[in-house]
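The values are calculated or read from the model by the stated rules, or taken from the named source; none is laboratory data. Just so it is clear, the model here is predicted, and its values are computed rather than measured. Quick reminder, even Gly has a Cβ in these numbers, built from the backbone with ideal geometry, and neighbours come from all protein chains shown.
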Amino acid sequence: MKLINFLQKEEAHMGILTDRGVVDIEAALTALSTRTGRMEVPVTVRQLLEGGKDAFNQLRVFVNELPVGEVNPSWLKQEEDLTFGSCVTDPGKIICIGLNYRRHAEETGMAIPEYPILFNKFNNTLTGHGSEVPLPRTSQKVDYEAELGIVIGRTAKYVTEEDALDYVFGYCTANDLSARDLQMRTSQWLAGKSCDKFSPIGPYLVTADEVGDPNQLDIQCTVNGELRQDSNTSDMIFNCKQIVSYVSQCMTLSPGDMILTGTPEGVVMGYPPENQVYLQAGDVVTVQIEKLGAITNTMVNE
């Protein structure tokens, strides 16, 4: 399934993308319960993640059994009419992996890491497809980073690499925006990574069964239509199962936690100094990942 969080009066609502459009789950449940009685169906991404396989199966059955002959039902919406929120609204943790693509490490002149480099972001960085991202007044060097996001679906602690992907609910497209001048002030990267709306994710949260092998996905980033990053997740130094297993050795992962898995080559920081032109107000950045869709955001002055 492809899940969407869309906003109505700043409140997130869960939708499911279908051939007919986007099913507003809560609206559909309300409309149909008058005919069939109240059904047990998760109506938010958080409920779905915490409910595990039972909640997922309930949702899938509910969507599959929606009346297909109904014309213009109140619960069916079109993507172009939606205001997207982040596809996961409240992760307990946002864990990021630094220097995890071989050619990206090479372009920045940094050593290939022996272990995954972990840092974190916070929920203030989350935003959705189509939103504006404010460029901080404290930075002159905001950079894009196309990334694959992993969303955890089961509590994971000390899991093996062989079993690690069984704990993944799904995947999403992400942009790990980075204020390089703030990031590089110290050896800790947090300051440059956690500015407001610096983690656009979405537009979809795609369940793992639809994605297959997450380490064979094309990944691109464009700025104002110009291709800047063009790679494949197969260039990761530490693949998805290694990442999930490693992080679970360090901390307990819970349903809804996110892992951003690193970016390929082509970021501004990797260009020769004379060719580095960082993001400016009005720039339109699109990150696209095979099977997961494209997320577009416009940079604006803070």
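Scanning for something assigned to a loop (DSSP other than H, G, I, E, B), crowded, with 18+ Cβ neighbours inside 10 Å and of a type outside the set (Asp, Glu), does segment 218-232 turn up at least one residue?
Scanning segment 218-232 turns up no residue that is assigned to a loop (DSSP other than H, G, I, E, B), crowded, with 18+ Cβ neighbours inside 10 Å and of a type outside the set (Asp, Glu).
Scanning for something closer than 16 Å to Ile243 by Cα, aromatic (Phe, Trp, Tyr) and in contact with a strand residue (DSSP E or B) (Cβ under 6 Å, 6 or more places away or on another chain), does segment 146-164 turn up at least one residue?
No, segment 146-164 has no match at all.
Take segment 193-245 and flag every residue that is farther than 25 Å from Val22 by Cα and among the small types (Gly, Ala, Ser).
Ser194, Gly225, Ser231, Ser234, Ser245 - these are the residues of segment 193-245 that are farther than 25 Å from Val22 by Cα and among the small types (Gly, Ala, Ser).
Applying the selection to segment 63-87, what residues are of a type in the set (Asp, Glu) and in a loop (DSSP other than H, G, I, E, B)?
Narrowing segment 63-87 to residues of a type in the set (Asp, Glu): 65, 70, 79-81.
Result: Glu65, Glu70.
So is Lys241 farther than 27 Å from Glu80 by Cβ, out of contact with any Phe, Trp or Tyr (no Cβ under 7 Å at 6 or more places or on another chain) and basic (Lys, Arg) or not?
yes
Mind listing whichever residues of segment 111-165 are of a type in the set (A, V, I, L, M) and loosely packed, with under 15 Cβ neighbours inside 10 Å?
Residues satisfying the conditions are Ala111, Ile112.
Exactly one condition in (1) out of contact with any Leu (no Cβ under 6 Å at 6 or more places or on another chain); (2) part of a loop (DSSP other than H, G, I, E, B); (3) over 22 Å from Gly282 (Cβ atoms) is false for His129; which is it?
(3)
Would you check if Thr127 is under 30 Å from Val43 (Cβ atoms), assigned by TED's automatic domain parsing to the domain that holds Lys197 and in contact (Cβ under 8 Å) with a residue 40 or more places away in the chain?
Criteria met by Thr127.
Looking only at segment 132-166, how many residues end up being of a type in the set (Gly, Ala, Ser), in contact with a Leu (Cβ under 9 Å, 6 or more places away or on another chain) and assigned to a strand (DSSP E or B)? Show your work before the answer.
Start the filter on segment 132-166 by keeping residues that are of a type in the set (Gly, Ala, Ser), which leaves 139, 146, 149, 153, 156, 164.
Keeping just the survivors that are in contact with a Leu (Cβ under 9 Å, 6 or more places away or on another chain) gives 139, 149, 153, 156.
Next cut, assigned to a strand (DSSP E or B) only: 149, 156.
The number of residues fulfilling the criteria is 2.
Could you go through segment 239-251 and let me know if any residue there is in contact with a helix residue (DSSP H, G or I) (Cβ under 8 Å, 6 or more places away or on another chain) and of a type in the set (Phe, Trp, Tyr).
no
Please enumerate the residues belonging to segment 14-57 that are touching an Asp or Glu at 6+ places or on another chain (Cβ under 6 Å) and either without any contact (Cβ under 8 Å) to a residue 60 or more places away in the chain or more than 24 Å from Gly153 (Cβ to Cβ) (or both).
Within segment 14-57, just Val43 meets the criteria.
Report yes if Asp90 is out of contact with any Asp or Glu (no Cβ under 8 Å at 6 or more places or on another chain), in a loop (DSSP other than H, G, I, E, B) and farther than 26 Å from Ala156 by Cβ, otherwise no. Outline the logic, then answer.
Numbers: out of contact with any Asp or Glu (no Cβ under 8 Å at 6 or more places or on another chain): yes; in a loop (DSSP other than H, G, I, E, B): yes; farther than 26 Å from Ala156 by Cβ: no.
Considered against the rule, which asks whether it is out of contact with any Asp or Glu (no Cβ under 8 Å at 6 or more places or on another chain), in a loop (DSSP other than H, G, I, E, B) and farther than 26 Å from Ala156 by Cβ, Asp90 comes out as no.
In segment 31-81, which residues are over 30 Å from Tyr167 (Cα atoms) and surrounded by 17 or more Cβ atoms within 10 Å (Cβ to Cβ)?
As a first pass, look at segment 31-81 and keep what is over 30 Å from Tyr167 (Cα atoms): 31-38, 67-78, 80-81.
Within segment 31-81, Leu32, Pro73, Trp75, Leu76, Lys77 meet the criteria.
I need a count of the residues in segment 102-130 that are at pLDDT below 95 and among the hydroxyl-bearing types (Ser, Thr, Tyr).
1
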